[in-house]
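The structure appears right after this line, and notes come after that.
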Amino acid sequence: MKTQKLTFKHYLIIGSMLFGMFFGAGNLIFPIHLGQLAGAHWLRAGGGFLLTGTLLPLLGIIAISVTRSSGIYDLARPIGKRYATLFMVLTCATLGPLFATPRTATTPFQIGIASHVSATQEPWFLLAYSLLFFGITYWASRKPTGILDMIGKLLNPAFLILLALIFGLAFSQPLGSARGQAITPAYQGHAFLNGFLQGYNTMDALAALLFGIAVVTAIRGLGQTAPTAIAKTAAKASLMSITLEAAIYLGLIWIGATSLAHFKLSADGGIAFAQIANAFMGMPGEIILAIMATLTCLTTAVGLTTSFSEALHAKFPRISYRSWNRLSCGASFLIANIGLDQIIAWSTPMLMFLYPLAITLIVLAIASPLFQHDPIVYRWTTALTLIPAIFDALGAAPAIITRQGWVQALLSLDVQYLPLAKLGLDWALPALIGLLIGLAWHALRQISRAREYRMNRN
């Protein structure tokens, strides 16, 4: 099978496309807020954040490449067709019109506009802003083949120029020293683990499983046809994208920590970033930040909408790509007008449920050649991860759910019997036990088959 040899420029364009799709609303505001929460422990917290914010997305792309999956459904299929369908739908809904895509409009609005209008005017301004935002998103995502030019060649350079301006000022005229800043109680003893959990909010590990479709489509459009060549290209381009993202994350976390020298701990990273931009450049700084946030969130919205529509069209082909695209943009517009706080509040339990399942799936997919892709290993690991993941989701739910008596009883059992439950990592030990059981089962079956083979030969 013939395949086109790609140049460094091609890798750079694909990596730029991936960066544009990954780096969105949460990627700006959560690192800043993490830096303020961690204070002097910003580097430890940053290390945990990089695991879930950069390493896991890279491994997600590699998992799709290693297994030669065409998307998230194929990746999860060894666990079972019904599970794969459910996991794909939940992931697509989370990254699509339920949480992530609406957040791409509400976050830049909250950063750049909300503080400059009255409370009575805010809903109307949000309505107009989100209508324009998702109108552009729909126009840009009508044809998935156009995503490479739109994101990689146009919007990304504009965003990086604006971000470089903010970083240049922050490093040349720092607001203070990060070393001596206050540390919130949660980050005094568990800065790394809390940073790890904060990385969930980027949703990038889930996005990596969904964006694999767009990556493969773009690579094929550049002339790559052989599956092995596509896998290698995706891995190389992803590494370039994730490396840049990691550097930006650490810079944002450091800036957040140094900002404590001038500002109190903010309610969220959007407020903190606006304060920092104003401290450096006054009103022009806020304008630059608003433009930067809009650009980066727009690129992510286009990537999410395209991948959402392609994934569901591939699974449910009777519904056209255009129909899924309209659904994504229309529903995202409606949910965006609920407001950023409500979107974040209800997305957290879903992320606490999906992330353990995504992490174990990524690890299993990469390691699958070692156990011949045996479904029994997938199933045992996922089965024992599922229950604590449900507990984590209940524990992170809004008060209207956590106050229920039956929920309190379940959470009490969770803390009592599962290690690391208080830290939101109660799934780790059951997942490991499930993996060991699955591997032992696989080994026993291999031994049994070997014996049968020898007996038949004799």
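The values are calculated or read from the model by the stated rules, or taken from the named source; none is laboratory data. Bear in mind that the values here come from a model prediction, so they are computed numbers and not experimental data. Cβ placement follows ideal geometry from the backbone for every residue including glycine, while neighbour counts extend to all protein chains displayed.
Rundown of residues vs (1) farther than 22 Å from Ser241 by Cα; (2) not hydroxyl-bearing (Ser, Thr, Tyr), yes/no style:
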| position | (1), (2) |
| --- | --- |
| Lys5 | no, yes |
| Lys9 | no, yes |
| Gly24 | no, yes |
| Gly48 | no, yes |
| Ser65 | no, no |
| Asp74 | yes, yes |
| Arg77 | yes, yes |
| Val89 | yes, yes |
The condition of being under 27 Å from Leu239 (Cα atoms), assigned by TED's automatic domain parsing to the domain that holds Thr202, more than 20 Å from the chain's Cα centre (by Cα) and β-branched (Val, Ile, Thr) holds, among Thr67, Thr94, only for Thr67
Checking the structure you have, find out if any residue of the range 201-210 is part of a helix (DSSP H, G or I), at pLDDT below 90, of a type outside the set (A, V, I, L, M, F, W, C) and surrounded by fewer than 22 Cβ atoms within 10 Å (Cβ to Cβ).
no
Considering residues that are in a helix (DSSP H, G or I), at pLDDT below 90 and within 24 Å of Thr104 (Cα to Cα), the number found within the range 246-286 is 14
Being crowded, with 24+ Cβ neighbours inside 10 Å, among the aromatic types (Phe, Trp, Tyr) and more than 20 Å from Phe109 (Cβ to Cβ) is the filter here, so list the residues in the range 5-29 that pass it.
Phe19, Phe22
Would a scan of the range 28-44 turn up a residue that is polar (S, T, N, Q), closer than 30 Å to Leu222 by Cα, part of a helix (DSSP H, G or I) and in the same structural domain as Phe316 (by TED's automatic domain parsing)?
no
State which residue pairs qualify: first residue within 13 Å of Val215 (Cβ to Cβ) and inside the range 62-75, second residue of a type in the set (Lys, Arg) in any location, beta carbons under 9 Å apart, and separation of 6 or more residues or different chains.
Ser65/Lys232; Ser69/Arg77; Gly71/Lys315
Quick check on this structure: which one of Arg445, Arg379, Arg451 is in a helix (DSSP H, G or I), within 27 Å of Ala231 (Cβ to Cβ) and among the charged types (D, E, K, R)?
Arg379
If you go through Ile32, Ile72, the only one that is in contact with a helix residue (DSSP H, G or I) (Cβ under 8 Å, 6 or more places away or on another chain), of a type in the set (Val, Ile, Thr), buried (at least 21 other Cβ atoms within 10 Å of the Cβ) and over 16 Å from Leu250 (Cα atoms) is Ile72
In this structure, is Arg322 among the basic types (Lys, Arg) and part of a helix (DSSP H, G or I)?
yes
Which one of Pro398, Pro419 is within 28 Å of the chain's Cα centre (by Cα), closer than 22 Å to Trp346 by Cβ and at pLDDT below 90?
Pro398
From the list Leu364, Leu327, Leu432, Leu394, pick out the single residue that is under 22 Å from Leu206 (Cβ atoms), part of a helix (DSSP H, G or I), in contact with a Ser or Thr (Cβ under 9 Å, 6 or more places away or on another chain) and in the same structural domain as Tyr83 (by TED's automatic domain parsing).
Leu327
Applying the selection to the range 109-125, what residues are more than 16 Å from Ile288 (Cβ to Cβ) and in a loop (DSSP other than H, G, I, E, B)?
Val117, Ser118, Ala119, Thr120, Gln121
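Run down Ser332, Ser309, Ser259, Ser320 and say which single residue is touching a residue at least 40 places away in the same chain (Cβ under 8 Å), among the polar types (S, T, N, Q) and farther than 18 Å from Thr91 by Cβ.
It is Ser259.
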Does Met1 qualify as being outside any helix (DSSP H, G or I) and at pLDDT below 85?
yes
